[in-house]
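The values are calculated or read from the model by the stated rules, or taken from the named source; none is laboratory data. Owing to the predicted nature of the structure, the values given are computational and were not obtained by experimental measurement. FYI the Cβ positions are ideal-geometry reconstructions off the backbone, even for glycines, and counts take in every protein chain you see.
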Amino acid sequence: MKKNILITWTSKWIWNYLANNLKWDFNIFAISRTKSELNLYREINIDLTNFGLIDDFVKKCEQENIFFDSLILNAWIWYFWNFESASDKEYLDIINTNLVSNILLIKWLKKSLNKKAKIIFIWSIIGKKFMKFWAVYQASKFWLRWFAGALKNEFKWILVHIINPKIVDTNFHDNAKIDLNIPSDKYTLKDDILACINEIINWNEKRFEIDL
């Protein structure tokens, strides 16, 4: 029987790539605002910041006795602009999506995680550096990194991992309103992230934090 994996935000970029490659070996439950074209096991098309609908999904999982072996959490909103250029709403969207949605999703889903389940955050090396133009986005990454570390120390039967890629080889940053000026050899490959996740799922990678 295939194991169940829940992945957030599967409509684009690295997360779409991960879901498409993992669906052959696992039942992929996807939560994403925009529908993908991946023919996944179950796709729930709701905004992660619509907390009422997320709670409804969690309760439905409990009613159907659905248990997850892994959560792969990827929700990002980003604005790489001068600090004063973004609106208040845009900054609240970053914090609610990148931080609050993950906290509540884990809290509500904890009862639906199998023993020895894995929570995998695909986050960013930016949570460990100080750079201009990224202030609130970087703050959300920093907060989530420390949240993940605290969960690792608190959870006894659930394993927590955080993967920190650099710029990933997708068009994720094409709409940035500033020149990021990052050479291609500083990018992280999608295949490297997929390989790392497979190593975690197969118990070959046991580190809490992996920088790619």
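Here's the yes/no breakdown for (1) in contact with a Gly (Cβ under 6 Å, 6 or more places away or on another chain); (2) part of a strand (DSSP E or B); (3) modelled with pLDDT of 90 or more:
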site: 4; (1), (2), (3): no, yes, yes
site: 14; (1), (2), (3): no, no, no
site: 24; (1), (2), (3): no, no, yes
site: 29; (1), (2), (3): no, yes, yes
site: 35; (1), (2), (3): no, no, no
site: 81; (1), (2), (3): no, no, no
site: 97; (1), (2), (3): no, no, no
site: 107; (1), (2), (3): no, no, yes
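If you go through the range 83-99 and keep only what is of a type in the set (A, V, I, L, M) and either touching a helix residue (DSSP H, G or I) at 6+ places or on another chain (Cβ under 6 Å) or closer than 15 Å to residue 142 by Cβ (or both), you end up with 94, 95, 99.
The residue of the range 30-62 that is farthest from residue 98 (Cα to Cα), among those that are touching an Asp or Glu at 6+ places or on another chain (Cβ under 7 Å) and among the basic types (Lys, Arg), is 35.
Criterion first (surrounded by fewer than 17 Cβ atoms within 10 Å (Cβ to Cβ) and within 14 Å of the chain's Cα centre (by Cα)) does residue 94 satisfy it? No: the conditions fail for residue 94. Within the range 194-211, the set of residues being surrounded by 12 or more Cβ atoms within 10 Å (Cβ to Cβ) and assigned to a loop (DSSP other than H, G, I, E, B) comprises 205, 207, 208. If you go through the range 151-193 and pick out every residue that is modelled with pLDDT under 80, hydrophobic (A, V, I, L, M, F, W, C) and outside any loop (DSSP other than H, G, I, E, B), you end up with 1.
Pull up the range 17-31, narrow it to residues that are in contact (Cβ under 8 Å) with a residue 24 or more places away in the chain and within 12 Å of residue 194 (Cα to Cα), then point me to the one that is surrounded by the most Cβ atoms within 10 Å (Cβ to Cβ). Selected residue: 18.
Scanning the range 195-206 for residues that are touching a strand residue (DSSP E or B) at 6+ places or on another chain (Cβ under 7 Å) and farther than 14 Å from residue 119 by Cβ yields a single hit, 196.
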